[in-house]
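Trainee: Next up is a structure, given as structure tokens.
The values are calculated or read from the model by the stated rules, or taken from the named source; none is laboratory data. All values reported here derive from a predicted model rather than from experimental measurement. As a convention, Cβ positions derive from the backbone with ideal geometry for all residues, glycine included, and neighbour counts pool all protein chains shown.
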Amino acid sequence: MRKNYLFLLMIAILSLGMMTGCMMEKPSDAESQDDGESKDGVVEITTVRTMKDDTKFKKGEDVNNNVVTRWAEEDLGINFNTLWTVPSDEQYNTKIRLSMSAGKDLPDVFLVSDGQLIADLIESGKVMQVDEAIEKHASPRLKKIFKKFPEAFYQATVDGKRYGIPRFSGGNGSDSLLWIRQDWLDKFNLEAPKTIKELEHVMEVFSTQDPDGNGKDDTMGITLASKNGLATWLADGSFIFGAEGDYLPKLWSENEKGELVYGSIQPNAKDALARLNEWYEKGYLDKEIGILDEQAAIEDFVAGKSGIIAAPPWADGWPINDAEKNIEGANVQPYPLPGSEDGQIGRKGEGLTTGQFLFSKDFEHMDKFFEYWDAIYGYTLGDSKYFEKGMFEGYDYVMQDGKPVYDQETIEKVTGEPYINPGKYFLPTDVPTIPYMLYDLLEDLHATGRDAKNPYEARFVGGTEEYLEAGAIVNQQNEIRIENKWTGPPTKTMQERGELLEKMEQEYYADIIYGNLPVDAFDEFVEKWKSSGGDKITEEVNAWYDSVQGK
């Protein structure tokens, strides 16, 4: 027995020695520190991100040690290493650009939203072309999503080659609908307007009949922001232009020939400005509309001085909720956008992406990135082996009586800690989405009143009736969306003349609305815009559009 033991021991020692010798001659992938893998075979993926200074973590956690990083390491074999964080997008872009200019290594994967920076990084040769990686490593469901939205890749496409993976937006997530003071409508026995003409009647009443009952002439019809363009994300005026034609200010849209044209100089913009001038003269608009950005514009509505605002469904939480808190008896309800008497209607459509994931040309683990990306998409799609009850117990849900509970108040009570959405720790922030998916869901929930089928849906089932209805309304008007088809970096002439042209547009638009210039001054603006670089910009924009489409 002892001889057998010694024999087996000798064989084990010899085997170990042979293995050690082989390792010394040629390090295994698992031991190499140069290829992004740690000694235990876990792959390191470096990244960077924006993160506000007041970002809260649970006790003992930080950006590189939290419930998401632990899950990624334990279940996927990925060690995410965030090299640095900065609080703002501007600082983020600057730091990336400085690293590129100094010849420093880029992170393995990082999100970029700025079109010029994306173009410069591609031109530098420091980022990877991703077509082969998509074909080789993306899961079938990811490939299906990518195929459905090919234009989402245009922002990082050069000569028909793709250099980025799109970070999708909600698609229609920031598209607007009307929010109207229902208590004001009820006070005057008014119906919600279905046409611009009916809207004008409602605004006339709201502006002249003292709807707040304070005996003062201090109310107006509608809240609009125009400083950053009248087709915008809050206090939106795009529907006013959409009721006159298929082009919107500051957006590049296809004409009947399939060419991109600039919406601010199209004939329907002149008609919309004439209407806005009438509204201004009648007191339907804020007297300072020409200088109001989105944040400043909503003050009238939140203070109870305006009865209508065009804003996305998420405005139910802010600023609509603030208005109802601030004003006793205020009741704000969502309604579809109105159109012309002959049915012409349009609104600004949100872009498909919030940026592009770029990858260092030296990154060797695209397979692991796609494994991770598919895993968290599983949560969004309600088909995940990792997140069957929620993202992480004690974070977005707790178990009670054998069932997951998603109520924030209950979670805080059970855990004894403030609620923290673990989605914000994912790369880059929150779980991924698919364009139009959310409002499809809200429309279904609003129509059926059914329970959630998975943890992702449970995030929205508890939403207010107004939020669900608003999402349904936006979804039902998807056919009226007018999107900005130009997503490339500033063209050469834009860089040289863009600031001048933007200032010219803002001044002409404001002066026409205020009545400082006649409506026909719009024709003068168009000619000046074209001759001051606009025609050349149009050529450059269309050259880019042809190139990304492979023409």
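Trainee: Answer with yes or no whether Asp367 is modelled with pLDDT of 90 or more, surrounded by fewer than 14 Cβ atoms within 10 Å (Cβ to Cβ) and in the same structural domain as Met100 (by TED's automatic domain parsing).
Mentor: Judged against the criteria, Asp367 is a match.
Trainee: Follow-up question, since we're still on this one. Before we move on, is Arg97 at pLDDT 95 or above and more than 22 Å from Lys126 (Cβ to Cβ)?
Mentor: no
Trainee: Considering (1) over 25 Å from Trp486 (Cα atoms); (2) in a helix (DSSP H, G or I); (3) touching a Pro at 6+ places or on another chain (Cβ under 9 Å), say which one Asp120 fails and leave the rest.
Mentor: It is condition (1) that Asp120 fails.
Trainee: Let me ask something additional. Among the residues of the range 126-139, are any polar (S, T, N, Q) and buried (at least 23 other Cβ atoms within 10 Å of the Cβ)?
Mentor: Looking through the range 126-139, none of the residues is polar (S, T, N, Q) and buried (at least 23 other Cβ atoms within 10 Å of the Cβ).
Trainee: Is it the case, given these coordinates, that Lys389 is surrounded by fewer than 21 Cβ atoms within 10 Å (Cβ to Cβ), in contact (Cβ under 8 Å) with a residue 60 or more places away in the chain, in the same structural domain as Val48 (by TED's automatic domain parsing) and not aromatic (Phe, Trp, Tyr)?
Mentor: Values: surrounded by fewer than 21 Cβ atoms within 10 Å (Cβ to Cβ): yes; in contact (Cβ under 8 Å) with a residue 60 or more places away in the chain: yes; in the same structural domain as Val48 (by TED's automatic domain parsing): yes; not aromatic (Phe, Trp, Tyr): yes.
Answer is yes for this residue.
Trainee: Can you name every residue in the range 338-382 that is under 30 Å from Gly471 (Cα atoms), in a strand (DSSP E or B) and under 21 Å from the mean Cα position of the chain (by Cα)?
Mentor: Arg347, Lys348, Gly349, Thr353, Thr354, Gly355, Gln356, Phe357, listed by residue number.
Trainee: Which residue pairs have Cβ atoms under 6 Å apart, sit 6 or more places apart or on different chains, and have a first residue in the range 336-349 that is farther than 18 Å from Thr232 by Cβ and a second that is assigned to a loop (DSSP other than H, G, I, E, B) and of a type in the set (Val, Ile, Thr)?
Mentor: Gly339/Ile345
Trainee: Another question, then. Quick one: how many residues across the range 300-318 are in contact with a strand residue (DSSP E or B) (Cβ under 9 Å, 6 or more places away or on another chain) and at pLDDT below 95?
Mentor: 1
Trainee: Please state which one of Gly221, Gly229, Gly215, Gly258 is more than 30 Å from Trp544 (Cβ to Cβ), without any contact (Cβ under 8 Å) to a residue 60 or more places away in the chain and not hydroxyl-bearing (Ser, Thr, Tyr).
Mentor: Values: Gly221 fails: without any contact (Cβ under 8 Å) to a residue 60 or more places away in the chain; Gly229 fails: more than 30 Å from Trp544 (Cβ to Cβ); Gly258 fails: more than 30 Å from Trp544 (Cβ to Cβ).
Exactly one residue qualifies, and that residue is Gly215.
Trainee: Can you name the residue in the range 391-414 that is in contact with a strand residue (DSSP E or B) (Cβ under 7 Å, 6 or more places away or on another chain) and hydroxyl-bearing (Ser, Thr, Tyr) and is also nearest to Asn79 (Cα to Cα) among such residues?
Mentor: We begin by selecting, within the range 391-414, every residue in contact with a strand residue (DSSP E or B) (Cβ under 7 Å, 6 or more places away or on another chain); these are 393, 397-399, 404-406, 410-411, 414.
With hydroxyl-bearing (Ser, Thr, Tyr) added as a condition, the list becomes 397, 406, 410.
Numbers: Tyr397: 25, Tyr406: 28, Thr410: 32 Å.
Of everything passing the filter in the range 391-414, Tyr397 is nearest to Asn79 (Cα to Cα).
Trainee: Kindly indicate whether any position in the range 200-210 is free of Cβ contacts under 8 Å to residues at least 12 places away in the same chain and in the same structural domain as Pro312 (by TED's automatic domain parsing).
Mentor: yes
Trainee: Can you find a residue that is modelled with pLDDT of 95 or more and among the aromatic types (Phe, Trp, Tyr) anywhere in the range 447-457?
Mentor: No; the residues of the range 447-457 include none that is modelled with pLDDT of 95 or more and among the aromatic types (Phe, Trp, Tyr).
Trainee: Sticking with this one: What do you reckon, is Phe146 buried (at least 21 other Cβ atoms within 10 Å of the Cβ) and part of a helix (DSSP H, G or I)? Please lay out each step first, then the result.
Mentor: On the way: buried (at least 21 other Cβ atoms within 10 Å of the Cβ): no; part of a helix (DSSP H, G or I): yes.
For Phe146, the condition - buried (at least 21 other Cβ atoms within 10 Å of the Cβ) and part of a helix (DSSP H, G or I) - is not met.
Trainee: Select from the range 83-116 the residues that are buried (at least 20 other Cβ atoms within 10 Å of the Cβ) and touching a Lys or Arg at 6+ places or on another chain (Cβ under 8 Å) and write down the one among them that is farthest from Val63 (Cα to Cα).
Mentor: Leu106
Trainee: While we're looking at this one, here's another question. Might you let me know whether the range 399-419 holds any residue that is closer than 28 Å to Ile145 by Cα, free of Cβ contacts under 8 Å to residues at least 60 places away in the same chain and not hydroxyl-bearing (Ser, Thr, Tyr)?
Mentor: Checked the range 399-419: no residue is closer than 28 Å to Ile145 by Cα, free of Cβ contacts under 8 Å to residues at least 60 places away in the same chain and not hydroxyl-bearing (Ser, Thr, Tyr).
Trainee: Quickly run through the range 407-427 and pick out the residues that are within 25 Å of the chain's Cα centre (by Cα) and buried (at least 18 other Cβ atoms within 10 Å of the Cβ).
Mentor: Ile420, Pro422, Gly423, Tyr425, Phe426, Leu427
Trainee: Let me ask something else. If you take the residues in the range 349-390 that are basic (Lys, Arg) and in contact with a strand residue (DSSP E or B) (Cβ under 8 Å, 6 or more places away or on another chain), which one is farthest from Ile134 (Cα to Cα)?
Mentor: That would be Lys389.
Trainee: Please pick out the residue among Lys250, Lys227 that is within 21 Å of Leu292 (Cβ to Cβ), modelled with pLDDT under 95 and either surrounded by 20 or more Cβ atoms within 10 Å (Cβ to Cβ) or of a type outside the set (Val, Ile, Thr) (or both).
Mentor: Unique residue meeting the criteria: Lys227.
Trainee: Can you tell me which residue is nearest to Tyr280 (Cα to Cα) among those in the range 167-203 that are in contact with a Lys or Arg (Cβ under 7 Å, 6 or more places away or on another chain) and not hydroxyl-bearing (Ser, Thr, Tyr)? Walk me through it before giving the result.
Mentor: The first filter runs over the range 167-203 and keeps only residues in contact with a Lys or Arg (Cβ under 7 Å, 6 or more places away or on another chain), leaving 172, 175-176.
Pick out the ones that are also not hydroxyl-bearing (Ser, Thr, Tyr) and you get 172, 175.
Values: Asn172: 30, Asp175: 25 Å.
The residue in question is Asp175.
Trainee: May I pose another question? Give just the number: which of (1) surrounded by fewer than 17 Cβ atoms within 10 Å (Cβ to Cβ); (2) in contact (Cβ under 8 Å) with a residue 12 or more places away in the chain; (3) more than 26 Å from the chain's Cα centre (by Cα) does Pro490 not satisfy?
Mentor: The single condition Pro490 does not satisfy is (3).
Trainee: I've got another one for you. Considering the range 529-551 alone, what residues qualify as being more than 28 Å from the chain's Cα centre (by Cα), modelled with pLDDT of 95 or more and surrounded by fewer than 17 Cβ atoms within 10 Å (Cβ to Cβ)?
Mentor: Those that are more than 28 Å from the chain's Cα centre (by Cα), modelled with pLDDT of 95 or more and surrounded by fewer than 17 Cβ atoms within 10 Å (Cβ to Cβ): Lys530, Ser531, Ser532, Asp535, Glu539.
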